[in-house]
Amino acid sequence: MSTVLQNTLFDRVTDPTEYYDLLPTDGRPIDLSCLPESSWGDLFSVLIDSTLDTIEQSRLDELALFLLQAADRDLPRRQLRALADHFSLLYVQALHERTKHVRKKMSVQRLNFFLRNILDTQVPTVPGASETKLRHLCPWDWTIQEETEIYVVSGRPNLVVLRGGAETDLHLGLPTQVDVIDEGLFSIGSYYSDGGYRFSNRGAEFVPHDAPIILQFRFDGREWFLDSRGRLMDGSSGKVLCVAPTSHVTRARRFGRMLYVMDWTVASIIHTFDLVQQSWQTRSTPGVFLPNDLLRLDDDLYVVDKQQGHLFKFDPEFRPVDRQCGLGRGPGRLFDPIAIHASSDGTRLQIMNWVPGSIVSVPRF
């Protein structure tokens with residue numbers, strides 16, 4: 001097992017596909033020449049009231065080194081959670097403000113993962129949980145329809161299609177999600193590149209637009225699409241039908257008549273749109289900082305949180321019901337969960353982890 005060196009720990013800040021792939025419970029030894037001198041109490045007192053403007057990068061680096069050797073220490077859980085929550089809110093603020101403090105933003109996010117990993121070491125393993133490792137780098141989403149599997153991944157190519165034992169690799173802008181439009185027809189959505197794609201057995205068709213298209217779908221005999229600015233549009237005419245309560249749509253899913261819209265620049269919020277009543281509502285998500293994705297099964301809502309290793313269950317009115325899992329690696333553990341889907345028979349919940357590139361499966365609860 002390689003030793004964590006200070007230069008490799010802090011020099012990869014421009015590559016998120018590598019920077020976040022480290023946890024205290026990995027058990028990697030630390031280079032003794034770079035161990036921190038400060039105590040937990042000193043670091044906590046300095047950082048708990050910090051802002052992105054006032055925080056010192058050296059203190060963040062020192063805390064990272066401290067936590068990497070503290071997985072088995074008896075640290076105050078209330079303080080660990082308070083600092084993780086504080087860093088989560090700083091991260092959301094950084095996304096909202098598009099901060100110039102990129103290294104600080106990435107540092108507080110990694111420290112949030114470190115803190116929650118330590119907090120969740122005693123969380124019991126979910127009975128019946130399993131994990132499938134993917135060979136794709138930092139995956140964003142996937143879907144399976146009969147003989148077709150589609151994976152949205154990072155790097156080049158960024159769309160991998162498996163069908164009938166054959167693999168097709170494509171590069172389609174900067175995709176971040178895939179959704180079924182109809183049998184054999186898929187929406188390839190993006191938060192980062194203008195336009196979108198429709199994919200079928202005839203190949204990929206580009207849909208031009210002046211902003212990223214998050215989601216394309218059919219409902220009530222009409223073609224619709226939602227863009228990253230929150231504009232819900234007629235897919236045939238391009239007419240704006242209505243506008244969401246947010247201009248920063250990062251992910252959206254449709255289940256029946258309901259559209260669920262997520263915004264990673266505001267904490268603990270999901271917007272819903274009733275396609276029949278043509279009405280928007282803004283819902284709070286108690287306990288969830290950044291809703292990365294949502295699944296609806298019957299009257300159960302399941303939400304994954306980018307900041308935590310928990311899978312949250314809500315009722316249709318977003319009242320909390322239960323939660324499972326913890327932050328880490330392996331079966332029943334979540335690490336930057338990015339997407340959630342149900343198994344074909346609806347008995348299992350499948351969660352894709354962005355950092356380690358895996359799909360964790362747990363029984364429906």
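The values are calculated or read from the model by the stated rules, or taken from the named source; none is laboratory data. As the structure is a computational prediction, the values presented were derived from the model and not from experiment. Here the Cβ positions follow ideal geometry from the backbone for every residue, glycine too, while neighbour counts run over all protein chains shown.
Residues in the range 147-203 that are in contact with a Lys or Arg (Cβ under 7 Å, 6 or more places away or on another chain), farther than 25 Å from Leu232 by Cβ and surrounded by 14 or more Cβ atoms within 10 Å (Cβ to Cβ): Thr148 only. Any residue at all in the range 186-205 that is closer than 22 Å to Glu149 by Cβ, basic (Lys, Arg) and either out of contact with any helix residue (DSSP H, G or I) (no Cβ under 9 Å at 6 or more places or on another chain) or at pLDDT 95 or above (or both)? Yes, there is a match, as at least one residue in the range 186-205 is closer than 22 Å to Glu149 by Cβ, basic (Lys, Arg) and either out of contact with any helix residue (DSSP H, G or I) (no Cβ under 9 Å at 6 or more places or on another chain) or at pLDDT 95 or above (or both).
When restricted to residues that are in a strand (DSSP E or B) and touching a residue at least 60 places away in the same chain (Cβ under 8 Å), the range 161-188 contains 2.
Looking across the range 295-310, the residues that are surrounded by 23 or more Cβ atoms within 10 Å (Cβ to Cβ) and closer than 19 Å to Thr143 by Cα come down to Leu301, Tyr302, Val303, Val304. Do the conditions hold for Val249, that is, is it surrounded by 14 or more Cβ atoms within 10 Å (Cβ to Cβ), more than 18 Å from Trp140 (Cα to Cα) and at pLDDT 95 or above? Against the criterion (surrounded by 14 or more Cβ atoms within 10 Å (Cβ to Cβ), more than 18 Å from Trp140 (Cα to Cα) and at pLDDT 95 or above), Val249 does not qualify. At least 1 residues being hydroxyl-bearing (Ser, Thr, Tyr) and over 30 Å from Pro208 (Cβ atoms) is the threshold, and among the strands (runs of 3 or more DSSP E) wholly inside the range 237-354 those reaching it are 279-284, 300-305. Screening Asp74, Asp53, Asp61, Asp85 for residues that are touching a residue at least 24 places away in the same chain (Cβ under 8 Å) and assigned to a loop (DSSP other than H, G, I, E, B) leaves exactly one candidate, Asp53.
Exactly one residue out of Phe206, Phe225, Phe113 is crowded, with 19+ Cβ neighbours inside 10 Å and in a strand (DSSP E or B), and it is Phe225. When the range 76-85 is filtered for residues that are buried (at least 19 other Cβ atoms within 10 Å of the Cβ) and either out of contact with any Phe, Trp or Tyr (no Cβ under 7 Å at 6 or more places or on another chain) or modelled with pLDDT under 95 (or both), the ones remaining, listed by number, are Leu80, Ala84.
Does the range 124-168 hold any residues that are under 17 Å from Phe335 (Cβ atoms) and among the hydrophobic types (A, V, I, L, M, F, W, C), and which are they? Hits for the range 124-168 are Val126, Ala129, Leu134, Leu137, Cys138, Trp140, Trp142, Val153. Scoring Tyr151 on the criteria (1) without any contact (Cβ under 8 Å) to a residue 40 or more places away in the chain; (2) farther than 21 Å from Phe255 by Cα; (3) of a type outside the set (Asp, Glu) leaves a single failure, condition (2).
Counting only residues that are out of contact with any Pro (no Cβ under 9 Å at 6 or more places or on another chain) and in a helix (DSSP H, G or I), how many does the range 25-40 have? Reasoning before the result, please.
To start, the set of residues in the range 25-40 that are out of contact with any Pro (no Cβ under 9 Å at 6 or more places or on another chain) comprises 25-39.
Checking which are in a helix (DSSP H, G or I) leaves us with 25-26, 32-34.
Here the count works out to 5.
Within the range 164-174, is there a residue that is over 23 Å from the mean Cα position of the chain (by Cα), of a type outside the set (A, V, I, L, M) and closer than 21 Å to Arg254 by Cα? Among the residues of the range 164-174, not one is over 23 Å from the mean Cα position of the chain (by Cα), of a type outside the set (A, V, I, L, M) and closer than 21 Å to Arg254 by Cα, which makes the answer no. Among the residues of the range 8-23, the one identified as modelled with pLDDT under 85, assigned to a loop (DSSP other than H, G, I, E, B) and among the hydroxyl-bearing types (Ser, Thr, Tyr) is Thr14. Scanning the range 86-106 for residues that are surrounded by fewer than 19 Cβ atoms within 10 Å (Cβ to Cβ) and touching a helix residue (DSSP H, G or I) at 6+ places or on another chain (Cβ under 6 Å) gives a single hit, Thr99.
Could you tell me whether the range 129-140 includes any residue that is on the phi < 0 side of the Ramachandran plot, more than 21 Å from the chain's Cα centre (by Cα) and surrounded by fewer than 15 Cβ atoms within 10 Å (Cβ to Cβ)? Within the range 129-140 (the criterion being on the phi < 0 side of the Ramachandran plot, more than 21 Å from the chain's Cα centre (by Cα) and surrounded by fewer than 15 Cβ atoms within 10 Å (Cβ to Cβ)), the answer is no, since none of the residues qualifies. In the range 355-365, the residue that is farthest from Gln122 (Cα to Cα) out of those that are of a type in the set (A, V, I, L, M, F, W, C) and not in a loop (DSSP other than H, G, I, E, B) is Ile359.
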